[in-house]
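Encoded as structure tokens, the structure appears first; notes follow it.
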Amino acid sequence: MRRSGFKIVITLFTLFFFQISNAQIARITGVVTGNDDEPLPNVTIRVKGKSASLKSDNKGAFSVTAVKGDSLIFTSVGYKAQSVFVSDTRTLTVRMETAVNSLEDVVVIGYGTRKKSDLTGAVSGVKAKDIEQSRNTDLLSSMQGKVAGARIFSQSGEPGAAINVQIRGISSLYGSSSPLYVIDGVPYDVNANEVAISGEANLGYSSNPLNTLNPADIEAIDVLKDASATAIYGSRGANGVVIITTKSGKSGRSITTYDGYVSFAKATKSLDMLYGNEFIEYQRLVNPQSSLFYNNSGPQGTINLNDPRDPYALEQHDWQAEMIQTAISQNHNIAISGGSEKTTFAGGIGFLNEEGIIRNNNQKRYSIRLKVDHQASKKIKLGLNFNTAYTDMNGATNTGQANAWNGIIQNIISAKPIAFFDSDFDETVGFVTPLSIIDNAYKNVSSIRSTLNGYTEIEILRNLKLNISGGGILSSSKGKEFYSRLTPLGNANNGVGILQENRSISWYNTNRLTYQYEVNANHKFDIMGAFETNGYVFENMLMRSSDFADESTGIDDISKGAVVNRLNSEKWVNNRLSWLGRFNYTYMDKYLFTASFRADGSDKFGAGNKYGYFPSLAVAWKANQEVFLRDADWLSELKVRLSYGQTGNERIPAYSYAGKMNNTFYSSGGISTYGVSPSTLANRNLKWENTTQYNAGLDLGVLDNRFSITLDLYNKRTNDMLLPVLIPSQSGYEQQWQNIGRIDNSGWEIQLTSQNIRSADLQWTTNFNISQNFNEIKSLGTLSYIPVIIDNGVISNIGRVSVGQSLGTAYGYVSDGIYQIDQFNWQNNSDASIPHAQRTYSLRPGEVDVAGVTVQPGSYRFRDLNKDGMIDDLNDRTFISNSLPKHFGGINNTISYKGFELNVFFEWSYGGEIFNLGKIAQQGLSVNSNISREYLNNKWTPENPSNEYPDFRSANGLPGGNTSFRLSSSYYVEDASYLRLKNLSLNYNLPRKWISALGLTSGRVYVTGNNLLLFTDYTGYDPDVSFDNPLFSGLDRITYPRSKSFIAGVSISF
Amino acid sequence: MKKHFNIYIILTAVAAIFLFACKKSFLEAEPYSFIETDHFYKTAKDAEAALTGCYNMLNSEEHGRMFGETMLHILNTGNDECVTGTGIVNENTTFGIASTTAADASLKGVWAALYQGVNRCNHLIAKIDPVEMDVVRKEEIKAEAYFLRGFYHMILAQMFGDIPVNIEPDPEFFQPRAPLQEVYTQVLSDFTKAATVLPHRATIAGRANKWSAEGFRAKVFAYLAACKVNGTGTALGSDLNKFDWVNAASMYDSVHAVASRIIASGGFKLTEKYNYLFRENTRQWQYEECLFTVEGTSSATNGVYLRLGNAWLPWGNINTRGGASSKWFVPTAEVYTRYNDADIRRKHNLTGAIPNTNTAPVEIIEGVRYYVPAAAVLSVSNYGIAKYRYRDPASKSIPPFLSDGALTLLRYADILLLDAEARFFKGDESGARALLLPIRQRAVFGTTTNVSVLTTAYFKPDFMEELLAERSRELCFELGIRRFDLIRFAKHTTAIQALKLTGSYHNEHSVAQLKTNWQPYKIWFPVPSAEIDLNQSLKQNPGF
């Protein structure tokens, strides 16, 4: 900073002498450095008012001729522009400062780039630095809370679990509303099936195919939000577009960087379940005559009440403590970049070994990439880019079957905490503990994923360029599972092995012409036209065998399984064809105008409906360039943006419009016969889903952009939504693909950056963003609502998508306490001397009854909405939860002091709700399952007439009166609001002399803590969960716990 | 570089031409892994495969194996024969304690599956006519589809009462529930069409024949007649599910006429050994007595198996003994005490556990090993249902919890008892009583007991009471028979009220819940709430 002060002095000095000095041509030499004092190559230097420019060389050195009184302008991507007056000083050292929200940033938009200050659309993003700070192993998580308008949430805390990204609300009902990803120009729709994870018992959870991207390789992520920005992706832009750009090389000095860290993670929370002795006491209460208390010496091995046993002698367990471990992970990345004048390259290798906090659960990732750009001649530029990663996920952390609670995480909670084999309930092999489920099950999913693309850019005429690019993504994933006899699944089948392979090829070719034309300084045109084809081929196979005579080789020799249970293979293809064009016009560098149009053809629709057309228009006004504001020095930027556009969506399974026949076998005398039956109902009229979006934006920067704010308001209207609509199953089908109704999203988002302190030694920057989205279903065609049925084994008719509501609402009864004894009559004119257990209760006249259920004291009570004395489906259900938050965002503070940099990042989500089915498990799945301490201590009894905690459930074999727990009610709904200290990191840049002594060019050590604090009222493991159903994401069936992690690492360059 | 530049231009042009050239078919989706419905139903092979698809719904893995598993849990339980075992909770066990609600997923599953079956039949019936194939076979295929359509509608109506009736493929799907009169008119018409065309025995084993259709006609007539006579559901005071249109006398006439025809010309008999009706390797004997069965296969991958281990096998290690792996449903003492000690049916239907010791007794049935369970002891928790039996799993080529056997859906004994019911109604009590004799004779077959012991023991002055009890003794735990008998004789509520809280381990531990939950309106299952949500012209049954 010393030099910077010096510079200011110089500047003032030159200003003072400006008037009196003569024009005098001089050669000025100097060095440009970054704010780490590193020489900075490739900085563009020009004299203000002249178009000729030159660049700093490898050592950051430059030499330029100027006249005293000129200003030299230094610009470089990622840095704030510097302007230096030319005075008498002939040698300069110019220190470039890293840009924070710099207007000179180049933003990657679809099929091109633009300077941020020239954008007409709503785009925001994160840079490599933001990604680095959190040290997330997953790229999308690095964006969480940092991009206004993008709601990023994970399905669970498991390594590799799917991350959902919603940009400006949910505008499509199908396909998780995930945006289109464009990775170095290769478009990619997320298809969770690419990860071969869906073998046994994984309900409602999927993996993240983008998990193969190494965050360390990423230069920038740009999120296109409004239609002006996304319409150029037409058919695929309706849910927003996330453009991921990997790091490129710069000509000049080669730089090798090593970055590595070790992390320690542990669960943020454990649920408060009964310990062994408490559980035994609980069993004595609910099931005293069981083999827990008596030996099986009675007839036929049944219990003998004269032969008690000591239950306290049994081994006791705290399954959560035993299964949840401290996970130690490490991550190493080496990156090399550099190049000559003609050729630049960037590449690297990465290795990640991440342990899950559940025992035996881990993932490894090996990644390698290389990006080469080559200027073959003055007119021809070529490039190749490849990126390959191999991930290897281990651990049978399944989340349970649709109709049962048999997932591993669920088991940790509900398994009895004593090593007790009960022949009446347990597997025939003996007591299968949650540990044995994990230790004796094997699950491995290994995926390889390569992104390859190349381009050539030819300057056909001056300013007319042809860019031909092509490439694709090849993904191959293999899933292997083996469940030995010591697991419930394997026990019933004498061992089960599953082998599956999913493979996909996504390819594209784009031929793009761009033409730039400047009529004069006031009129600039920029025209782009392109033709694009792309295709997707997906294939999978699955084999499942059981009855393993010998389990020693497991899944690696599936032929030992005598019985083949399933054989599957499938292939589908999707092709698209597009024409697109964009026209940019700039007038006086004040008025910006953008129009685009795209026509897309897709084979996902039948004849007559294949093409969709997507126009957009946008204008922007840079008000600060106006004469009347020219003198407002404090104003560094003021821009108003308006846009309109249409985008489409066809991200539905291939052939959805067709009627399909399925294989349906039958038997004849024990011999299988082949049969087929209609399985889906055709809809020949199926067509594009269409979203129209309006956006109004304001960019304001003051005091040299020390304070800047971006505000956007938007309104999105989606028509003809594509959805597999549930239809009355009396039709012979349960669903049909339809274009149905309309959904609106409107909202606002603010992104704020403030450089609170910008002194020599101390800098403090605050980034803040908040987004609010209002989602409303305006129409569902002929229907007024669609029920959302979730197969979960306890409560299934939970959700409802309804006109006038937002998406993700649960539908059910309103909880109204607990039925109490004085609301009932019993024998002998309610004779109080009859013990509770012997009474036959019947509701007193006038008390509200529940249809279809015989309520008892201790049952849930519901509110009688229509006051007819009877709780029934038709009249008394209402909307009881909303999965979507009211607002969310993040606040990030970065404080640098000398070599130290401290980063504190809070992230929040407010107002969303979760239907917590875990509560059911915590109140006893069956008589021999564990329950929570809180429930046991507070539950309803005649002596403790709780109005909050119900009695046990007789249907679960417990001696109790809660008969209405199977009905969807607000009892299970919890507030999922939270504030999380997501990231706290401290970096220290090693002093120069140390670095020099070590022969390095830079060096840094850091410590980071993730998820250190969580403020929430939610009682499950973590409120940031989501069920894999866009119609009802706020459902928790006890998901993989979140971890907090501590990271220590080092980063060096040489 | 000039030279290279041209090469680039040429390459680009070639690439562009290539891309445009393949454009024509580029956007025509080609199905790789399925056949489109529009391109099917063209050949004789298609027709046969489509018919197999119609049968598939009897035992479709996709729908919980229907009559091979789920339907047993739904229809056999929650009455005086069997209840949910204490402490067992899953989506099927609500049926055994009458706590099923309209929101339960399993009911929706059944509703959907049966209508899917109906739709498969309707596609075939509507599309087979233009197919060029053997004319006789074509008519047979159609008749089998009629039979199945009638059967699926019949089960729906017995479960839910008034239901929408579909006779067209891919029907309009917002129809309201049709009154029982319309439903059963269609069901009987379908059965009659099938009975007219179908051969004496199907050429393909396990398929419906003339007598399958006749037999279900007799069952429908008897069901309707009894419901009318006994006023089933009238006390509920609902506009739905009414039997007032039924002419009981004429229906009972029809029962007698059809049953007599089956007895005279059907060629069925009571197979010698009662227990052979419920084994895995005794199809030959099952086919002697069964007018219709649900089939399982031993084939590896198609999923058509029976799954009986959750309730209907003797308790025992499923992997080594072929026993039941769970006791979702358990028998009452009442079903046990209905039998005389000498009745071999009791010994077959109700037992203790299969010992898990090396010395576990074994019996050889037609060359196949079966482990033998211990005798039933009512006071212990192992007292269980043993109606069906799995062979020694060591000899199985399918997972041990599955069965490749056939399950009886309609058998000759039932026809005899229906005829007895009709005869009694028509005033011929002695003729009616005579029909019980062969059934009881089999119940002492192979023992030294004289059948008169049973005749005396089981005698009740009210023949209908005796008949109902005999039906339970003979047909207990067979698909829905007890449930629908109690309903059509309007005795379901009294039967449950009469259950004792003592007498067996299960009466002590499991019966109370059923007694608490049972309500007279529960003779009808609720229409799944999700279906009403989707089609608001469907009305809910009373009480739900």
Hits in the range B:130-153 - residues which are more than 18 Å from A:PRO678 (Cα to Cα) and open to solvent by 10 Å² or more (accessible area, probe 1.4 Å): B:PRO130, B:GLU132, B:MET133, B:ASP134, B:VAL135, B:VAL136, B:ARG137, B:LYS138, B:GLU139, B:GLU140
Qualifying residues in the range B:310-326 (those that are open to solvent by 20 Å² or more (accessible area, probe 1.4 Å) and touching a strand residue (DSSP E or B) at 6+ places or on another chain (Cβ under 6 Å)) - the one farthest from B:TYR152 (Cα to Cα): B:ARG321
Qualifying position, being aliphatic (A, V, I, L, M) and under 28 Å from A:SER672 (Cβ atoms), among B:ALA205, B:ALA248: B:ALA205
The listed residue being in contact with a helix residue (DSSP H, G or I) (Cβ under 7 Å, 6 or more places away or on another chain) and open to solvent by less than 20 Å² (accessible area, probe 1.4 Å), out of B:LEU416, B:LEU435, B:LEU378, B:LEU402: B:LEU416
Test result for B:ASN90, surrounded by fewer than 20 Cβ atoms within 10 Å (Cβ to Cβ), more than 15 Å from the chain's Cα centre (by Cα) and of a type outside the set (Gly, Ala, Ser): yes
Residues (crowded, with 23+ Cβ neighbours inside 10 Å, away from chain B (no Cβ under 14 Å) and within 29 Å of B:GLU28 (Cα to Cα)) located in the range A:675-717: A:GLU689, A:THR691
Among residues of the range A:893-925, those that are in a loop (DSSP other than H, G, I, E, B) and at pLDDT 90 or above, counted: 2
Test: residue in the range A:790-810 that is surrounded by fewer than 18 Cβ atoms within 10 Å (Cβ to Cβ), among the hydrophobic types (A, V, I, L, M, F, W, C) and within 30 Å of A:ASN609 (Cα to Cα): yes
The range A:259-282, residues that are open to solvent by 10 Å² or more (accessible area, probe 1.4 Å) and either closer than 27 Å to A:ASP951 by Cβ or at pLDDT 90 or above (or both): A:VAL262, A:PHE264, A:SER270, A:LEU271, A:ASP272, A:MET273, A:TYR275, A:ASN277, A:GLU278, A:GLU281
Any hit, the range B:62-79, residues being within 12 Å of chain A (Cβ to nearest Cβ), at pLDDT below 90 and within 27 Å of B:ILE128 (Cβ to Cβ): yes
Criterion violated by A:GLU481 - all others in (1) more than 30 Å from A:PHE614 (Cβ to Cβ); (2) within 14 Å of another protein chain (Cβ to nearest Cβ); (3) crowded, with 19+ Cβ neighbours inside 10 Å satisfied: (2)
Matching option when the condition is surrounded by fewer than 20 Cβ atoms within 10 Å (Cβ to Cβ), within 14 Å of another protein chain (Cβ to nearest Cβ) and polar (S, T, N, Q), among A:SER668, A:SER672, A:SER729, A:SER656: A:SER668
Residue among A:ASN866, A:ASN875 that alone is within 14 Å of another protein chain (Cβ to nearest Cβ), without any contact (Cβ under 8 Å) to a residue 12 or more places away in the chain and open to solvent by 20 Å² or more (accessible area, probe 1.4 Å): A:ASN875
Filtered residues of the range A:559-584 (kept if among the aliphatic types (A, V, I, L, M) and either within 8 Å of chain B (Cβ to nearest Cβ) or open to solvent by 80 Å² or more (accessible area, probe 1.4 Å) (or both)): A:ALA562, A:VAL563, A:VAL564, A:LEU567, A:VAL573, A:LEU577
Some residue of the range A:775-783 being of a type in the set (A, V, I, L, M), more than 30 Å from A:GLY924 (Cα to Cα), within 14 Å of chain B (Cβ to nearest Cβ) and in contact with a helix residue (DSSP H, G or I) (Cβ under 9 Å, 6 or more places away or on another chain): yes
Residues of the range B:257-298 classified as open to solvent by less than 20 Å² (accessible area, probe 1.4 Å) and outside any strand (DSSP E or B), total: 17
Residues of the range A:892-927 satisfying the condition of being surrounded by fewer than 23 Cβ atoms within 10 Å (Cβ to Cβ) and of a type in the set (D, E, K, R): A:LYS898, A:GLU901, A:GLU907, A:LYS919
Failed item, numbered, when A:TRP764 is tested on (1) at pLDDT below 90; (2) more than 14 Å from chain B (Cβ to nearest Cβ); (3) surrounded by fewer than 17 Cβ atoms within 10 Å (Cβ to Cβ): (1)
Unmet criterion (only one of (1) open to solvent by less than 10 Å² (accessible area, probe 1.4 Å); (2) at pLDDT 90 or above) for A:VAL496: (2)
Residue list for the range A:270-284, filter: of a type outside the set (Asp, Glu) and either touching a residue at least 40 places away in the same chain (Cβ under 8 Å) or within 12 Å of chain B (Cβ to nearest Cβ) (or both): A:SER270, A:LEU271, A:MET273, A:LEU274, A:TYR275, A:GLY276, A:PHE279, A:ILE280, A:TYR282, A:GLN283
B:THR493 being of a type in the set (Val, Ile, Thr), within 7 Å of another protein chain (Cβ to nearest Cβ) and either open to solvent by less than 30 Å² (accessible area, probe 1.4 Å) or part of a helix (DSSP H, G or I) (or both): no
Some residue of the range B:525-532 being farther than 30 Å from A:ALA837 by Cβ, open to solvent by 10 Å² or more (accessible area, probe 1.4 Å), in a helix (DSSP H, G or I) and within 14 Å of chain A (Cβ to nearest Cβ): yes
Conditions (1) under 30 Å from B:LEU538 (Cα atoms); (2) in contact (Cβ under 8 Å) with a residue 24 or more places away in the chain; (3) surrounded by fewer than 23 Cβ atoms within 10 Å (Cβ to Cβ): number failed by A:ASP744: (1)
The range B:299-309: number of residues that are closer than 22 Å to B:CYS82 by Cα, of a type outside the set (A, V, I, L, M, F, W, C) and open to solvent by less than 10 Å² (accessible area, probe 1.4 Å): 1
Pair list, Cβ under 9 Å, 6 or more apart: the range A:553-578 residue closer than 30 Å to A:GLY612 by Cβ, other residue of a type outside the set (Phe, Trp, Tyr) and in a helix (DSSP H, G or I): A:ARG576/A:SER235; A:ARG576/A:ARG236; A:LEU577/B:LEU19; A:SER578/A:GLY234; A:SER578/A:SER235
A:PHE264, sole failed condition from (1) in a helix (DSSP H, G or I); (2) under 30 Å from A:LEU1013 (Cα atoms): (1)
Filter result for B:ASP253 (within 21 Å of B:ALA195 (Cβ to Cβ), acidic (Asp, Glu) and surrounded by fewer than 22 Cβ atoms within 10 Å (Cβ to Cβ)): yes
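The values are calculated or read from the model by the stated rules, or taken from the named source; none is laboratory data. This structure is a prediction, so every number in the text was calculated from the model and none was measured. As a convention, Cβ positions derive from the backbone with ideal geometry for all residues, glycine included, and neighbour counts pool all protein chains shown. The protein model used for the area step is the full one, side chains on, heavy atoms only, and it has no ligands, DNA or RNA in it. Shrake-Rupley method; radii C 1.70, N 1.55, O 1.52, S 1.80 Å.
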